[in-house]
Amino acid sequence: MIMAKVMRLGGLGTLVVAIVGVFALSGGPAMGAPLSTPRAYACTGGAIPSGSYASVTVTGACSVATNAVISVAGNVNVAPNAVLDAQSAPSTITVRGNVNAFSGSLLGLGCLPNPPEHQTGHPCTVDPTESSSIIINGNVTAIGANTVLLNGITVRGNVTLIGGGDQAGNPWPIKNNTIGGNLTVTGATPEWVGVLLNKVGGNVILTNINIAPGETIQVTLNTIRANLICSGLAPAVSGGVIPGEVNVVGGHALGQCASLT
């Protein structure tokens, strides 16, 4: 059985978004009046008001209300040392642009139940039986983030995590995601990293990741269309502990992950 770490954040505020359509009739066929132009919104903490946003900038501790429905036309930016917790409560989120997280921030996206005989899910804190539906049409990029938790989300582009982490107790689970491009994690120092049960349309590149002593970087049960490339992973990297729990790689498995197929 794979023992995957989970992390829970609660009480960071609520967010409920509704999109309201305005329709008008005038002297002939029914015509739908256009929605008002979405506006940019900055969350400094607590609840973000309902609305459809051109972009969202998070500068404080912000969370998502249970079963919130959120639509962002542009980018979501998580400022240095800010928190975006969209992994404690089930929600439906669509971001047409990119999600960017910066130095010292926490980026948590997605929650889903544990599957039978595994602890590879990331149960929602408020209701462990529910799941999120989060779609990012662009890229997810974190540069120097303290904590990254990506669980059961869809990213049409690339996921790129550069630097950051905290060996004192912040794990980075990257599990059950569908990623259209590449997944790259490099130069990070979290407590633990688990790359599990992802479907990746490009390469998975894991380099220069140094986790807490006594922990093991887990890379298993991923389906990777291109290559799996691993180097500089310490103190150790492993696949599943049950026979058959391997990665399916369409290209080559290289470096420290050469045996994990």
Enumeration of residues in the range 45-69 that are touching a Ser or Thr at 6+ places or on another chain (Cβ under 7 Å) and at pLDDT below 95:
ALA47, SER52, SER63, VAL64, ALA65, ASN67, ALA68, VAL69
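Here is a yes/no grid of residues against (1) without any contact (Cβ under 8 Å) to a residue 60 or more places away in the chain; (2) more than 18 Å from THR220 (Cα to Cα); (3) open to solvent by less than 10 Å² (accessible area, probe 1.4 Å); (4) in contact with a helix residue (DSSP H, G or I) (Cβ under 8 Å, 6 or more places away or on another chain):
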position	(1), (2), (3), (4)
THR154	yes, yes, no, no
GLY157	yes, yes, no, no
THR160	yes, yes, no, no
GLY164	no, yes, no, no
ALA168	yes, yes, no, no
TRP172	yes, no, yes, no
ILE179	yes, no, yes, no
GLY187	yes, yes, no, no
PRO190	yes, yes, yes, no
If you take the residues of the range 128-169 that are over 17 Å from LEU84 (Cβ atoms) and among the aliphatic types (A, V, I, L, M), which of them is farthest from the chain's Cα centre (by Cα)?
ALA168
Using the structure shown, decide if ARG39 is basic (Lys, Arg) and modelled with pLDDT of 50 or more.
yes
Which ones in the range 206-225 are in a loop (DSSP other than H, G, I, E, B), free of Cβ contacts under 8 Å to residues at least 40 places away in the same chain, within 19 Å of LEU161 (Cα to Cα) and out of contact with any Lys or Arg (no Cβ under 8 Å at 6 or more places or on another chain)?
THR216
State yes or no: is VAL219 of a type in the set (Val, Ile, Thr) and over 26 Å from ALA101 (Cα atoms)?
no
Could you check the range 113-148 and list, in sequence order, the residues that are assigned to a strand (DSSP E or B), under 26 Å from GLN167 (Cα atoms) and of a type outside the set (Val, Ile, Thr)?
GLN119, HIS122, ALA142
With criteria (1) within 23 Å of SER105 (Cα to Cα); (2) touching a Leu at 6+ places or on another chain (Cβ under 6 Å); (3) open to solvent by 10 Å² or more (accessible area, probe 1.4 Å), ILE209 comes up short on (3)
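The values are calculated or read from the model by the stated rules, or taken from the named source; none is laboratory data. Note that the coordinates shown come from a computational prediction; the quantities given were computed from them, not determined experimentally. Note that each Cβ is placed from the backbone with ideal geometry, even for glycine, and that neighbours are counted across all protein chains shown. Each accessible area value is taken on the protein alone, full model and side chains, heavy atoms only, with ligands, DNA and RNA left out. Shrake-Rupley method; radii C 1.70, N 1.55, O 1.52, S 1.80 Å.
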